[in-house]
1. In debye, nearest 20: dipole of the protein assembly as shown around its Cα centre with unit charges on the Cβ of K, R (+) and D, E (-)?
2. Between A:Asp15 and A:Lys55, take the C-beta separation as r, use R0 = 51 Å, and let me know the FRET efficiency to the nearest 0.05.
3. Can you tell me the dipole magnitude for the range B:23-166 around its Cα centre, using point charges on the Cβ only (Lys, Arg +1; Asp, Glu -1), in Debye to the nearest 20?
4. Would you look at the GNM of chain A, springs on alpha carbons closer than 10 Å, and say which of A:Gly19, A:Gly34, A:Gly67 moves the most?
5. Please report the Cα spread of the range B:73-227 along all three principal axes, rounded to whole Å, starting with the longest.
6. Give, ordered by residue number, each residue of the range B:74-94 whose 1.4 Å probe accessible area is reduced by a minimum of 30 Å² on adding the remaining protein chains to the chain alone.
7. With the other protein chains left in place, how much accessible area per residue, in square angstrom, belongs to chain B at a 1.4 angstrom probe?
8. Which ³J(HN,Hα) values in Hz, rounded to whole numbers, follow from the phi angles of the range B:193-205 under the Karplus curve 6.51 cos²θ - 1.76 cosθ + 1.60, where θ = phi - 60° and Gly and Pro get x?
Amino acid sequence: MADRPVPIVEKRLMDVKLGELGTWIGGRDFTPNGIIASIRRGHDRYYNKYINVKKGGIGGVAMLLAGYIAISYLWEYDHIKHDRWRKYH
Amino acid sequence: MMTSFFDQFMSPSLLGIPLMALAFVLPWLLFPSPAPRWLTNRLLTLQGWFINRFTSQLLLPVNVGGHKWALILASLMLFLISLNMLGLLPYTFTPTTQLSLNMGLAVPLWLGTVLIGLRNQPTAALGHLLPEGTPVPLIPVLIIIETISLFIRPLALGVRLTANLTAGHLLMQLIATAAFVLLPLMPAVAITTSVILLLLTILEVAVAMIQAYVFVLLLSLYLQENV
């Protein structure tokens with residue numbers, strides 16, 4: 001089964017070979033419109049996979065919130081690291 | 001470096017981007033926009049049900065002229081409730097603990113209701129400054145008092161929200177620290193403290209929802225008087 005040749009830039013990330021990674025990153029659209037479009041695509045993928053389903057459970061939103069907690073922790077790490085084993089808070 | 005319990009309310013930033021930006025965007029992510037379908041997914045159905053119930057309940061006592069405010073009141077309610085509840089998650093930042101934000105929400109909206117009243121029905125709006133049936137000698141004093149109470153409304157709206165949320169977060173941090181520190185020393189007391197912490201967390205969830213509701217309710221009340 002031979003695949004038709006596709007331009008490198010248009011392949012999905014998982015299909016790009018390691019050697020082609022540089023070309024792939026160089027060719028992607030980093031203009032503000034492009035970034036917004038990619039955020040939109042990512043959002044639609046997540047939404048349609050986990051939330052916009054017939055019997056969506058708490059998992060879809062819970063994963064989002066867990067990611068939010070993780071990012072908040074990272075964001076505040078510089079501030080929180082002073083709290084580790086302080087004697088007086 | 002001296003740290004205090006109030007450090008949790010400082011606006012943390014990474015590479016110059018404040019965490020407040022992320023905290024603001026998140027409510028938008030959690031409420032999907034309605035889809036052009038009759039039967040939607042569970043999240044959207046729940047959201048639509050809640051918004052419908054809330055708006056119809058809120059706008060019951062308001063005249064038809066005030067129904068223009070339905071959109072902003074409903075979105076304000078959703079915004080506040082999601083900000084408050086998200087702030088209860090660990091490591092997150094609650095923007096509504098910042099007085100600047102709450103005053104920024106309260107003052108323009110309150111001023112809007114006052115100006116609408118003064119513009120559309122100036123006599124009635126000014127008439128609110130004097131309750132019916134006051135004894136004649138008291139009239140001057142009462143007008144001054146009512147004016148003061150009118151101008152203190154935005155301050156009260158903003159400070160109420162800030163104070164309630166800040167106090168709740170602070171109490172949770174204090175009791176959690178106490179429970180954590182007491183654990184190696186007096187386990188029994190630590191368990192009691194943990195139970196108190198659990199109850200406090202439940203209270204905080206309730207407060208988060210109630211405070212958002214009260215904010216919007218009072219605004220609708222001010223609207224009702226003036227529209």
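1. It comes to approximately 900 debye.
2. On the way: r = 31 Å, r/R0 = 0.62.
E between A:Asp15 and A:Lys55, to the nearest 0.05, is 0.95.
3. Working: 7 positive and 2 negative charges, 89 e Å.
It works out to roughly 420 debye.
4. Residue with maximal mean-square fluctuation among A:Gly19, A:Gly34, A:Gly67: A:Gly19.
5. So the three principal-axis extents are 67, 37, 21 Å.
6. Residues shielded by partner chains are B:Leu89, B:Tyr91, B:Thr92.
7. So chain B comes to 57 Å² accessible per residue, rounded to a whole number.
8. Karplus-based 3J(HN,Hα) across the range B:193-205 equals 4, 5, 5, 4, 4, 4, 4, 5, 5, 4, 4, 5, 4 Hz.
The values are calculated or read from the model by the stated rules, or taken from the named source; none is laboratory data. Keep in mind the model is a prediction, meaning the values are calculated, not measured. Positions of Cβ are generated from backbone atoms using ideal geometry, with glycine treated the same way; all protein chains shown enter the neighbour counts. Heads up: the accessible areas ignore ligands, DNA and RNA and are worked out on the full protein's heavy atoms, side chains in. Shrake-Rupley method; radii C 1.70, N 1.55, O 1.52, S 1.80 Å.
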